[in-house]
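Down below is the structure, laid out as structure tokens.
The values are calculated or read from the model by the stated rules, or taken from the named source; none is laboratory data. Keep in mind the model is a prediction, meaning the values are calculated, not measured. Virtual Cβ from ideal backbone geometry, glycine too; neighbours counted across all protein chains shown.
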Amino acid sequence: MIVTVANQKGGVGKTTTVVNLAAALAELGKTVLVVDLDPQGNATTGLGVSSRTDNAGVYDVLIEDVPMAQTVVGVPETEKVQLVPASLDLAGAEIELVSMVAREYRLRKALAAYLEEHPTDVVLIDCPPSLGLLTLNALVAAEELLIPIQCEYYALEGLGQLIRTVDMVREHLNPTLRISSILLTMTDSRTNLSEQVADEVRAFFGDLVLDTAIPRSVRLSEAPGHGRSGVAYDEGSRGALAYRAAAEEFTQRTVDLRDPTAETVTA
């Protein structure tokens, strides 16, 4: 299962979702590979791995054709999660990819070669807050797209562009890509706005929206500073419990989607 986590809006919880879903899926016994495609490298540092530029990482995979197996590193928190780290070099990858042959397929090709030799239950790809070539590589490589949406004003702003991009990718580059889940993040049950936005998102996306929503949580915000996921940093926090529930729901939804007798969820 290859899942891209994307939304071109910044600050909606993409990286937090990737890191904590990876940790929660590992608790469920899944082996997980996190691919950090964001030049900021927050998923890398959030999993306790250095983002120094002398470390081989996803830049070397995309630009230098280094086999992904040579860049994968372990995560201190759990042996079930591994990582292809990002570095600041990745910031120049968008420009360098422009002139490359089959530029949209470079991550897909590298990932396929890696998975052939290293079977993995779930691959989670963290994207930058843009719809450039890095995100395009992630969409072409993925089977499923998970979109985190922050429960704030303008939550749906710009999503039309993302949906159009997904449709274009599905039509021309990756016909198997599907939007499997929408995850509401940073919810606050104390405010009417949060509830209104959640209702609006559910009305717009219907059954694509996971029942589990991720609340605002200080513990989730503190965890990256300790190089740990929020799930492990404070196991009993509201954020950790929510991500565990979201991981279980997401896993079951994926099983249902792969069941030929089940109804297909489409965007």
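Here's the yes/no breakdown for (1) modelled with pLDDT of 95 or more; (2) over 18 Å from the mean Cα position of the chain (by Cα); (3) surrounded by fewer than 19 Cβ atoms within 10 Å (Cβ to Cβ):
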site: Val18; (1), (2), (3): yes, no, no
site: Leu21; (1), (2), (3): yes, no, no
site: Val35; (1), (2), (3): yes, no, no
site: Leu47; (1), (2), (3): no, no, no
site: Thr53; (1), (2), (3): no, yes, yes
site: Gly57; (1), (2), (3): no, no, no
site: Glu64; (1), (2), (3): no, yes, yes
site: Pro76; (1), (2), (3): no, yes, yes
site: Glu79; (1), (2), (3): no, yes, yes
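In this structure, does Pro175 turn out to be at pLDDT 95 or above and either in contact with a strand residue (DSSP E or B) (Cβ under 9 Å, 6 or more places away or on another chain) or surrounded by fewer than 12 Cβ atoms within 10 Å (Cβ to Cβ) (or both)?
Details: at pLDDT 95 or above: yes; either in contact with a strand residue (DSSP E or B) (Cβ under 9 Å, 6 or more places away or on another chain) or surrounded by fewer than 12 Cβ atoms within 10 Å (Cβ to Cβ) (or both): yes.
Yes.
All but one of (1) without any contact (Cβ under 8 Å) to a residue 24 or more places away in the chain; (2) in a strand (DSSP E or B) hold for Pro148; which doesn't?
(1)
Any idea which of (1) buried (at least 17 other Cβ atoms within 10 Å of the Cβ); (2) at pLDDT 95 or above; (3) not acidic (Asp, Glu) is the one Ala245 doesn't satisfy?
Exception for Ala245: condition (1).
Does any residue of segment 202-217 turn out to be on the phi < 0 side of the Ramachandran plot, among the charged types (D, E, K, R) and in contact with a Lys or Arg (Cβ under 8 Å, 6 or more places away or on another chain)?
Within segment 202-217, the subset on the phi < 0 side of the Ramachandran plot is 202-205, 207-217.
Filter once more, so that each one left must be among the charged types (D, E, K, R): 202, 207, 211, 216.
Adding the requirement that they be in contact with a Lys or Arg (Cβ under 8 Å, 6 or more places away or on another chain) leaves none.
No, segment 202-217 has no match at all.
Of the residues Arg106, Arg52, which is touching a helix residue (DSSP H, G or I) at 6+ places or on another chain (Cβ under 7 Å), among the basic types (Lys, Arg) and over 30 Å from Phe204 (Cα atoms)? I'd like the intermediate steps shown before the answer.
Values: Arg52 fails: touching a helix residue (DSSP H, G or I) at 6+ places or on another chain (Cβ under 7 Å).
That would be Arg106, the only listed residue that is touching a helix residue (DSSP H, G or I) at 6+ places or on another chain (Cβ under 7 Å), among the basic types (Lys, Arg) and over 30 Å from Phe204 (Cα atoms).
Restricting attention to segment 163-176, report how many residues are over 19 Å from Gly206 (Cβ atoms) and either hydrophobic (A, V, I, L, M, F, W, C) or within 16 Å of the chain's Cα centre (by Cα) (or both). Even if it seems obvious, please write down each step before you answer.
Let us first name the residues in segment 163-176 that are over 19 Å from Gly206 (Cβ atoms), namely 165, 168-169, 171-176.
The next check asks that each one be either hydrophobic (A, V, I, L, M, F, W, C) or within 16 Å of the chain's Cα centre (by Cα) (or both); those that pass are 168-169, 173.
Of the residues in that region, 3 qualify.
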